[in-house]
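Working notes, structure below.
The values are calculated or read from the model by the stated rules, or taken from the named source; none is laboratory data. Because the structure is a prediction, the values reported are computed rather than measured. Because the Cβ atoms are built from the backbone with ideal geometry, glycine has one as well, and the counts that use them run over all protein chains shown.
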Amino acid sequence: MRSTRRGSNGCVMRFRLTERRGGRRSFLACLLCLLLGAMPVQVQAQAVRILVQSSPLAGFQHHAGAAFWHQLQVGDSLVLQREPDNSHDAMAVRVVWQGQQLGYLPRAQNRAVAVEMDRGARVEARIARLREHRNPWQRVLVEVWLVL
């Protein structure tokens, strides 16, 4: 027996039920195709994130970092804000945690992120590592992700 069906996703499926050798396998395969074709297809777009930078937090000792040290947690989301009018660095990228400035991306490593932010690219940042250390440059490691 031959049959043609159009699934809800618009695909045309042709199948033949047969009693020949392997007929049961063919029947099950056709049944599976019919069931899958009858199901609505749901496509869910997912963002692709690319790690573009992993660097220490600059200026930690000069901003709110010390005051909030015990509240910071690995994985916490950070907000990056461009400061094109910064008198020390025209490519400055401020790092903010829950409305409090923690510091900056290091001047030697901020150019690529600043350029992408100026282009309107979506970037995300998070705390990757926290470490009690007398050197403030060793206390917080920040990861920056480009979201496509």
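Only one of the listed residues (Q44, Q109) is surrounded by 13 or more Cβ atoms within 10 Å (Cβ to Cβ), within 27 Å of L148 (Cα to Cα) and modelled with pLDDT under 95. That residue is Q109.
For the subset of region 81-138 comprising residues that are in a loop (DSSP other than H, G, I, E, B) and within 21 Å of the chain's Cα centre (by Cα), which member is farthest from L51 (Cα to Cα)? Once the filter is applied, the top-ranked residue is Q98. For L72, the conditions (1) within 15 Å of A128 (Cα to Cα); (2) modelled with pLDDT of 95 or more; (3) surrounded by 13 or more Cβ atoms within 10 Å (Cβ to Cβ) all hold with the exception of (2). When the residues of region 48-63 are filtered to those that are more than 11 Å from the chain's Cα centre (by Cα) and part of a loop (DSSP other than H, G, I, E, B), the one that is farthest from A121 (Cα to Cα) is H63.
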